[in-house]
Number of protein chains: 2
Amino acid sequence: MIKKADILQSVTFQNRFGGQGEIAVKQLLSGDEFCGKGRLFAHNVISPGSSIGLHQHQGDFETYYILKGEGIADDNGVKTPIKAGDVLYTKNGESHSLENTGSENLELIALVLFA
Amino acid sequence: MIKKADILQSVTFQNRFGGQGEIAVKQLLSGDEFCGKGRLFAHNVISPGSSIGLHQHQGDFETYYILKGEGIADDNGVKTPIKAGDVLYTKNGESHSLENTGSENLELIALVLFA
């Protein structure tokens, strides 16, 4: 099955997980399409100055793959600069956040699978 | 855990699944990191004129999310032009192929989860 780009809608969230500003989330798969293995496979866009707030994963784990832009990731309390090509892997029970500290959009693929 | 871009290596395959030319596959997660839910989460680059040959998925399912470039996808025998932002979803038991028919690299995220 092919889903053309123009039918995939982004949903905008304000202050996601207590973060700043806004983030646009474009889900690539619907719930049934995960066959019970996960719940999110998305192309996310974080505006300059915006962030995904610190949150803990419980019962699942998440991978961020940075496509464009730059920012600061909080990986279990350790803050590290990130940019295109970097991967942030957050296990079940761990916490992370991501802030766009650059002047362009910070774009990433987010994948949440069940632990 | 953060994996910086410069430690993630691409592996180049020739004539992947009987296709033409070469494809570079950069795995974003290692085997254990899938927690048994899948086996591939990768950034793939298909050179102009190259292709991933037609192949059937058995016991798993794959999603391609096109990042850049353009090509022709074969989705269970139906050929469709694809470009950045399109999603090709191939269920367990289904077949697909992907050919770069453009003049620039065709880049995509590939996700294989177990059915």
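The values are calculated or read from the model by the stated rules, or taken from the named source; none is laboratory data. A quick note: this is a predicted structure, and the numbers were derived from the prediction, not measured. Don't worry about glycine lacking a Cβ; one is built from the backbone with ideal geometry, like all the others, and counts go over all protein chains shown. Just so you know, the surface numbers come from the protein's heavy atoms only, side chains and all, with ligands and any DNA or RNA stripped out. Shrake-Rupley method; radii C 1.70, N 1.55, O 1.52, S 1.80 Å.
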request  = For residue A:115, go 7 angstrom from Cα along the Cα-to-Cβ vector, then report the distances to that same point in the other copies in nm, smallest first.
outcome  = 3.0
query = Assuming R0 = 41 Å, what is the FRET efficiency of residue B:103 and residue B:56, from their Cβ-Cβ distance, to the nearest 0.05?
reply = 0.85
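What is chain A by shape, rounded, prolate or oblate, if you read a ≥ b ≥ c off the alpha carbon gyration tensor as root eigenvalues and call it rounded for a/c under 1.5, prolate for a/b larger than b/c, and oblate otherwise? Don't skip to the answer; put the middle values down first.
Values: a/c = 1.78, a/b = 1.19, b/c = 1.50.
Note, shape of chain A comes out oblate.
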key: the stretch A:12-62, accessible area per residue, ligands and nucleic acids excluded (1.4 Å, Å²)   = 44
note = Residues whose modelled amide H sits under 5 Å from the amide H of residue A:82, counting only those 5 or more places away in sequence or on another chain, are A:71, A:72, A:73
query = For the pair residue B:79 and residue B:95, how long in nm is the line joining their label points, each one 7 Å along Cα→Cβ?
reply = 1.5
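About its Cα centre, how strong a charge dipole does the stretch B:45-115 have in debye, to the nearest 20, once Lys and Arg get +1 and Asp and Glu get -1 at the Cβ?
Numbers: 4 positive and 10 negative charges, 8 e Å.
Computed about the Cα centre, the dipole is about 40 debye.
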request  = From other protein chains only, count the Cβ atoms within 10 Å of every residue's Cβ in A:90-97, then give the mean.
outcome  = 1
message = For peptide A:22-35, what's the mean number of Cβ atoms from other chains within 10 Å of each residue's Cβ?
response = 3
note = Inter-copy distances for residue A:80, label 7 Å out on the Cα-Cβ vector, sorted ascending, nm, one decimal, are 3.8
query = For labels at residue B:1 and residue A:7 in the simple 7 Å Cα→Cβ model, what's the distance in nm?
reply = 3.8
message = Measuring nothing but label to label, 7 Å from Cα along Cα→Cβ, what are residue A:91's distances to the other copies in nm, shortest first?
response = 3.6
Cα centroid separation, the stretch B:1-76 to the stretch A:40-115 (Å) = 22
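Mean shadow of the protein assembly as shown, computed from the convex hull of its alpha carbons, in nm²? Intermediate values should be presented prior to the final figure.
Numbers: hull surface 46.8 nm².
The orientation-averaged projected area of the Cα hull of the protein assembly as shown comes to 11.7 nm².
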request  = Select the chain A residue whose beta carbon lies nearest to the rotation axis carrying chain A onto chain B, and write the distance in whole Å.
outcome  = A:37, 2
